[in-house]
Each structure stands twice: as C-alpha cells, then as structure tokens.
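Here's the structure we're looking at; comments come further down.
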Amino acid sequence: MTLFDDPPDVLPEGVALFRQRLSPDAQRRALDTIAEVIAQAPLFRPQMPTGPYMINTLTNCGERGWVSDKRGYRYQETHPETLQPWPAIPPEVRECTCDAVREAGFGDFEPDACLVNVYAADGRLSLHRDYDEADFKWPIASLSFGNDADFVIGGLKRAGKTQTVRLRSGDVLVFGGPSRLRYHGVRKIVPGTSPLDHPILPPDGRINLTLRRAA
Ligand code: MD6
Ligand code: FE
C-alpha cells in the first residue's frame with residue numbers, strides 16, 4: 001500500500017468485499033445479460049406492505065423472485081405483472097458470484113433468486129435486513145454497476161452504530177455468517193462516478209444484483 005491508496009475497508013466478520021472483481025468489459029457483458037432479463041421480466045415498482053411505493057424499480061431472475069405488495073414481502077415463481085416465470089440467472093453472473101462466495105469461505109452456493117435493483121440518481125434503500133430466505137446459513141452476495149453507492153452497515157438491531165462503505169462498479173460484496181442479519185441500506189448514489197455507460201444504467205444511476213438462496 002502506498003500513501004495514495006485508499007485505506008483497506010475494515011469490515012465485520014462475515015462481510016467480504018471483493019473490489020473490482022469484474023473488469024469494465026466483464027461489467028458491460030454482465031449488463032448486456034441483465035438487459036435481456038429486463039426485456040423478458042420488465043422492471044416494476046413494488047408497493048411496500050406499509051403503503052408507499054419503493055423508490056427504486058426492480059425485477060428478478062432465477063427460480064424465485066422477491067416481490068412486495070400490500071400482503072407483504074415474499075419470494076414467488078412468477079412476475080407480478082406479466083405472471084410469467086422469471087428468466088434464468090445469466091451463467092456469467094452466477095459463476096462470478098459463486099466464486100466470490102466460495103473464496104469468502106461459504107462453500108458451494110446455489111442461488112435460486114437474483115434481485116435486480118435499479119437506482120436512479122436519487123435512489124436509496126432504507127435500512128433493512130434480508131429476512132425472507134429459508135436458511136440464513138447461506139450468505140447473500142451482491143454485484144454493483146454504475147455509480148458508486150454509500151452502503152451503510154449497521155448492527156443486529158435497527159438502532160446503533162453504523163459504518164459506511166463505498167460500493168463501486170465491479171465490486172462483489174458477500175454478506176453472511178454472523179453478519180447475515182445485520183441491518184444495511186444504501187444512503188446515496190454518488191453522481192459522476194460511473195466508469196461505464198450502458199443503455200440499462202439510468203443517468204447517474206446504479207444497478208445492484210443480489211443473489212440469494214431463497215428456498
Ligand atoms: C444495494 N444491497 O447494494 C443493496 N443485501 O443496492 C443489499 O441490500 C444487500 O448488497 C444483502 C446482501 C448484500 C447486499
Ligand atoms: Fe439487502
């Protein structure tokens with residue numbers, strides 16, 4: 001490390017951040033595959049059980065997809081608007097994620113759900129825990145594309161100390177073990193920081209994929 005490098009992120013046990021895991025070319029190829037997912041399973045803006053609509057739009061690929069409406073949060077096998085099954089998780093997205101999960105020490109991950117979250121420049125994601133999956137022994141792993149995001153990591157209770165880590169395009173984050181049920185969220189998207197343009201990236205926006213074992 002030289003004086004000019006960023007200091008390494010000190011992350012809680014169970015959280016592993018693989019910086020620049022995807023090259024800019026690999027990021028572009030991954031977004032091309034996600035463009036096909038969106039063409040088959042259009043982005044939608046879910047309603048939260050508490051009433052308001054989410055700020056970001058989303059879709060899914062894999063056997064199951066995460067949805068929300070007045071009845072609650074859940075995974076289901078079909079798109080809520082087209083009523084069609086979700087498209088498959090693109091193999092390159094799956095492989096790169098499973099490699100990172102294995103390197104993080106969580107074994108052979110077989111994700112059955114991939115949530116595609118699309119943030120406009122003013123997108124955010126409030127503090128939450130991912131709690132709808134069957135077995136918390138599996139981590140959740142995420143891939144980021146486009147502008148940087150300030151990702152907040154809290155504790156096991158909603159109130160309390162948080163730390164912020166900057167997620168950049170091409171980073172893979174693995175979130176599991178004793179941190180699997182930590183609160184976390186996206187405070188803000190940082191304008192003008194994207195290393196790439198892609199037709200499915202909103203202006204000054206960001207796309208995040210989270211791969212999960214839901215069932
Ligand atoms: C995001 N990520 O980065 C939102 N959840 O846009 C998440 O909510 C998340 O990155 C669980 C595990 C990893 C994540
Ligand atoms: Fe999450």
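Every read-out reported here was derived from the displayed coordinates using simple, explicitly stated rules and does not represent laboratory data. Quick caveat: nothing in here was measured; it's all calculated off a predicted structure. Cβ atoms come from the backbone with ideal geometry, glycine included; neighbour counts cover every protein chain shown.
Numbers at a glance
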{"quantity": "Dipole moment magnitude, nearest 20 debye, segment 82-197 about Cα centre, only Lys, Arg, Asp, Glu C-beta charged", "calculated": "800"}
{"quantity": "Point-charge dipole on Cβ atoms (K/R +1, D/E -1) for segment 1-141, about Cα centre, debye to 20", "calculated": "500"}
{"quantity": "Pairs of Lys in the chain closer than 26 Å at Cα, counting only those 8 or more apart or on different chains", "calculated": "5"}
{"quantity": "Whole-Å semi-axes of segment 1-126's equivalent ellipsoid (Cα gyration tensor)", "calculated": "29, 19, 16"}
{"quantity": "Karplus-derived HN-Hα couplings along segment 115-131 (A = 6.51, B = -1.76, C = 1.60, θ = phi - 60°), whole Hz, x at Gly and Pro", "calculated": "8, 9, 10, 10, 9, 6, 3, 9, x, 8, 9, 6, 4, 8, 10, 8, 10"}
{"quantity": "For segment 93-148, convex hull of alpha carbons as volume per residue, Å³", "calculated": "114"}
{"quantity": "Charge dipole (the chain, unit charges on Cβ, about Cα centre) - positive-most of Pro178, Ala120, Thr210", "calculated": "Pro178"}
{"quantity": "Percent of Cα-Cα distances greater than 21 Å, calculated over segment 147-215", "calculated": "34"}
{"quantity": "Per-q log10 I(q)/I(0), segment 56-215, q = 0.11 Å⁻¹ (Debye; single scatterer per alpha-carbon; no solvent)", "calculated": "-0.42"}
{"quantity": "Three semi-axes of the equivalent ellipsoid, segment 35-99, Cα gyration tensor, whole Å, largest first", "calculated": "23, 12, 11"}
{"quantity": "Charge-dipole axis of the chain as Lys and Arg at +1 and Asp and Glu at -1 on Cβ define it, positive-most pick from His198, Ala39, Phe136", "calculated": "Phe136"}
{"quantity": "Dipole axis of segment 1-143 (+1 Lys, Arg; -1 Asp, Glu on Cβ), positive-most option in Tyr73, Gln27, Val15", "calculated": "Tyr73"}
{"quantity": "Note, ³J(HN,Hα) from phi for segment 58-66, Karplus 6.51, -1.76, 1.60, rounded to Hz, x at Gly and Pro", "calculated": "8, 8, 9, 9, x, 5, 10, x, 7"}
{"quantity": "Whole-Hz couplings from phi, Karplus 6.51/-1.76/1.60, listed for segment 96-106; x for Gly and Pro", "calculated": "5, 5, 5, 4, 5, 4, 5, 5, 7, x, 9"}
